[in-house]
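J.: Can you keep this structure in mind? I'll have questions shortly.
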Amino acid sequence: MEKALTYVLFLLAGGRSLRFGKGNKLLREVAGRPAVEWLFEEIAPLEGEFSSVVLVCDGGEEELLMLAQNHFARLLRAEPGELRAGSVLSALDAVADLARGFVLIHDCARVLASRELFERVMKAQREVPQAGVVPVVKPRDAELMWENERVRYLARDSLYHVQTPQSFPLERLREAFRLVPGEFPDEGSRFAAAGFPLEVVRGERTNLKLTYPEDAGLAAALLNHRRREGE
């Protein structure tokens, strides 16, 4: 792989935590420290893989910025958008001078993502440099659609839950935003809608997303288990 095909990391931390409740969920104490610090500490050893790390967050989030600065030497900040698409475009603007390479995008609310998952996604990306790569897990429960007061169960055999980090060739992700503007659930769905190929890799069942207040307790239990396993 050419040295020019470098990686940049986007850490999305501009969400408004509306479903979680009062305060920034990333700074909620989980297992004895701010939740997002667990993520930063886990992936900081990978910083050498990235030409820069772009944290998308409000400039007034001083504690969040300080935590990130403590773990990443090549940190840039980008202003969040009103919605996800605006935040990712803001991060892309922060690396506008980079013409080629790969971008790894992670939702900071997924504070339990492991270093191994990041490495697995990046390894797959280098093997399929023109495709996007997303981690997935099979659903545990039955899934249904409720629409117009009608219920339809979905076949679990072909269903997957999509996670982050997700990886993309930088120039193709920019092209995807030009081809299919507007809001999408994530970058993988935009990339596919633009007609570009996607590959999937095995995700992690422990890679939960802090969305509701009870998720903090689940995250704390998983982190405490991880610490005990590491002793």
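J.: Determine, for M122, M66, the number of other Cβ atoms within 10 Å of each Cβ, and report the residues in order from fewest to most.
T.: The order, fewest Cβ neighbours first, is M66, M122.
J.: Treat the count of other C-beta atoms within 10 Å as a stand-in for reagent exposure and order R172, R152 from fewest to most. Could the numbers behind the result be given before it?
T.: Numbers: R172 19, R152 9.
Listed from fewest to most nearby Cβ atoms, that is R152, R172.
J.: May I pose another question? For the residues H71, H106, what sequence is obtained by ranking on other C-beta atoms within 10 Å, fewest first? Can you show the working numbers first?
T.: Values: H71 18, H106 22.
Ranked by crowding around the Cβ, least crowded first: H71, H106.
J.: Continuing with the same structure: Compute the length gained on full extension between L154 and D141: take 0.36 nm times their separation in residues and subtract their Cα-Cα distance, giving the result in nm to one decimal.
T.: Working: separation 13, 0.36 × 13 = 4.68 nm, distance 1.07 nm.
Additional length available on full extension: 3.6 nm.
J.: What fraction of the DSSP beta bridges in the chain is antiparallel, stated in percent and rounded to the nearest 5?
T.: Working: 14 of 35 bridges.
Roughly 40 percent of the beta bridges in the chain run antiparallel, per DSSP.
J.: Label region 7-230 by shape, choosing from rounded, prolate and oblate, from the square roots a ≥ b ≥ c of the eigenvalues of the Cα gyration tensor; if a/c is under 1.5 it is rounded, and otherwise prolate applies when a/b is larger than b/c, oblate when it is not. Mind dumping the intermediate values first?
T.: On the way: a/c = 1.36, a/b = 1.02, b/c = 1.33.
Because its axes are fairly even, with a/c under 1.5, region 7-230 counts as rounded.
J.: Determine which aspartates and glutamates satisfy two conditions relative to K138: a Cα distance under 14 Å, and not lying fewer than 8 residues away in the same chain.
T.: Excluding near neighbours in sequence, the set is D157, E204.
J.: Amide H of V201: which non-local residues (sequence gap of 5 or more, or other chain) have their own amide H closer than 5 Å, using H built in the peptide plane?
T.: Counting only residues 5 or more places away or on other chains, the set is V134, V136.
J.: With a cut-off of 8 Å between alpha carbons and a minimum separation of six or more residues, what is the relative contact order of the chain in percent? Don't jump to the answer; show the numbers that get you there.
T.: Details: 397 pairs, mean separation 55.3, N = 231.
Across the chain, relative contact order equals 24 percent.
J.: When only alpha-carbon atoms count, how far does region 125-231 stretch along each of its three principal axes, as whole angstroms with the largest first?
T.: Result, largest extent first: 45, 45, 27 Å.
J.: With n ≥ 4 as the cut-off for DSSP H runs, can you work out [θ] at 222 nm for the chain, using -39500 (n - 2.57) per run divided by the number of residues, rounded to the nearest 500? Spell out each step's value before the answer.
T.: On the way: 7 runs with 77 residues, N = 231.
Here the helix-only value at 222 nm equals -10000 deg cm²/dmol.
J.: I would also like to ask the following. I need the shape label for region 93-181. Rule: rounded when a/c is under 1.5, else prolate if a/b > b/c, else oblate, with a, b, c from the alpha carbon gyration tensor. Before the final figure, lay out each step's value.
T.: Working: a/c = 2.39, a/b = 1.68, b/c = 1.42.
Prolate shape, in that a/c is at least 1.5 and a/b is the bigger ratio.
The numbers here are math on the coordinates, done by the rules we state, and not lab data. Here the structure is a predicted model, which means the values were calculated and not measured. Cβ: placed from backbone, ideal geometry, glycine included. Neighbour counts: every protein chain shown.
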